[in-house]
Amino acid sequence: MIQESTLPGGIAVLALDRQKALNALSFEQLRNLDLAVERVSASAARGLVITGAGSKAFCAGADIPELVGRTLRDEHEGARLGQEVFQRISQLRIPSVAVIHGYAFGGGLELALACTFRVATPAARMGLPEVKLGLIPGYGGTQRLPRLVGEGRALELILSGRTVKADEAERIGLVNQIAEEGEPAAIGAAYLAPMLQHGLHALDFARQAVQRGMQTSLELGLRIERDLSTLAYRSADAAEGMQAFLEKRPPCFKDA
Ligand code: HXC
């Protein structure tokens, strides 16, 4: 199951909860996550924290017993479902942060990679160990990891399958920040808070410009930036932000 809650300031929290299997992602759990993300998307939430219930794991990856004995067709469908759910998370118009406390392996780390940001606690351990099972990452890891940490580091991590500790993860840019040990939802909310002072349109257009630009040439990326910055310029929040500057007062953004 997925625990769903909302914190003050409209921050939605989704906690994977299958603690007996270290929050591993069964097919059913992937579908639960998909539905929960859809509910967040349709709600008035302004930010999203994804984490794992319990103290031991964010998520230990795809459910390994369930992978055994799947037909090739099942497996292809499984990868497609995982990729679709994680793609939906990465394209949410609100910022999302994965709070990684404990283990994040395989599909679990791929889920964190689909979020806009990653925060780890000092005890976090993460990696893409699929090659140890004779597999390769199938929920976006081979694509998102190199975009985040560069091709050389991504290949080294994926081909060795080794475990990365929180301090190395921060050093190579795999996680944005290391937080003190604490309650994951509160850690995520504190990380998002400074960004959520701004209007959602500006946050969404900026995220889109960066992410869409990373998938294309510089020339096309500049064009995407031009179009999105024009859209931002036309928003009511931009009028308010610039007027507030002139009047030497804090802006009052309305996500409009
Ligand atoms: C199902 C899992 C699981 C998983 C752990 N468990 N990982 N169940 N799927 N991915 C279960 C264990 O079987 C065990 O159940 C319980 O959780 C506790 O795990 P332990 O191994 O006893 O804990 P510990 O010794 O602390 O080791 C933690 C661990 C280890 C290092 C995280 O569990 C581990 O290496 N797990 C596998 C991680 C992994 O390889 N993930 C990638 C999966 S492939 P019992 O009933 O015995 O107590 C993947 C591919 C995605 O994600 C793409 C596919 C298309």
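Observations on the structure shown:
- Sole exception among (1) open to solvent by 50 Å² or more (accessible area, probe 1.4 Å); (2) not assigned by the TED database to the domain that holds residue 17 for residue 203, by number: (1)
- If the condition is being acidic (Asp, Glu) and open to solvent by 80 Å² or more (accessible area, probe 1.4 Å), then the range 219-256 contributes 219, 225, 227, 247.
To keep it simple, each residue is scored yes or no on (1) part of a helix (DSSP H, G or I); (2) at pLDDT 95 or above; (3) more than 17 Å from residue 109 (Cα to Cα); (4) more than 10 Å from the ligand (Cβ to nearest atom).
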site: 32; (1), (2), (3), (4): yes, yes, yes, yes
site: 37; (1), (2), (3), (4): yes, yes, yes, yes
site: 41; (1), (2), (3), (4): yes, yes, yes, yes
site: 50; (1), (2), (3), (4): no, yes, no, yes
site: 70; (1), (2), (3), (4): no, no, yes, no
site: 74; (1), (2), (3), (4): yes, no, yes, yes
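- Among residues of the range 94-106 that are part of a loop (DSSP other than H, G, I, E, B), those with a Cβ under 7 angstrom from a residue that is more than 15 Å from the ligand (Cβ to nearest atom) and aliphatic (A, V, I, L, M), sequence gap 6+ or separate chain, pair up as 94/45; 94/48; 94/200; 95/192; 95/195; 95/203.
- Every condition in (1) more than 9 Å from the ligand (Cβ to nearest atom); (2) open to solvent by 70 Å² or more (accessible area, probe 1.4 Å) holds for residue 64 except the one numbered (1).
- The range 1-30, residues that are in a loop (DSSP other than H, G, I, E, B), of a type in the set (Gly, Ala, Ser) and either within 16 Å of the ligand (Cβ to nearest atom) or open to solvent by 50 Å² or more (accessible area, probe 1.4 Å) (or both): 9, 24, 26
- Test for residue 145: is it touching a residue at least 24 places away in the same chain (Cβ under 8 Å), of a type in the set (A, V, I, L, M, F, W, C) and assigned by the TED database to the domain that holds residue 92: yes
- Selected residue (criterion: farthest from residue 80 (Cα to Cα)) from residues of the range 120-156 that are open to solvent by 10 Å² or more (accessible area, probe 1.4 Å) and among the hydrophobic types (A, V, I, L, M, F, W, C): 123
The values are calculated or read from the model by the stated rules, or taken from the named source; none is laboratory data. Every value quoted in this text rests on a predicted model; they were computed, and no experiment measured them. Cβ atoms come from the backbone with ideal geometry, glycine included; neighbour counts cover every protein chain shown. Just so you know, the surface numbers come from the protein's heavy atoms only, side chains and all, with ligands and any DNA or RNA stripped out. Shrake-Rupley method; radii C 1.70, N 1.55, O 1.52, S 1.80 Å.
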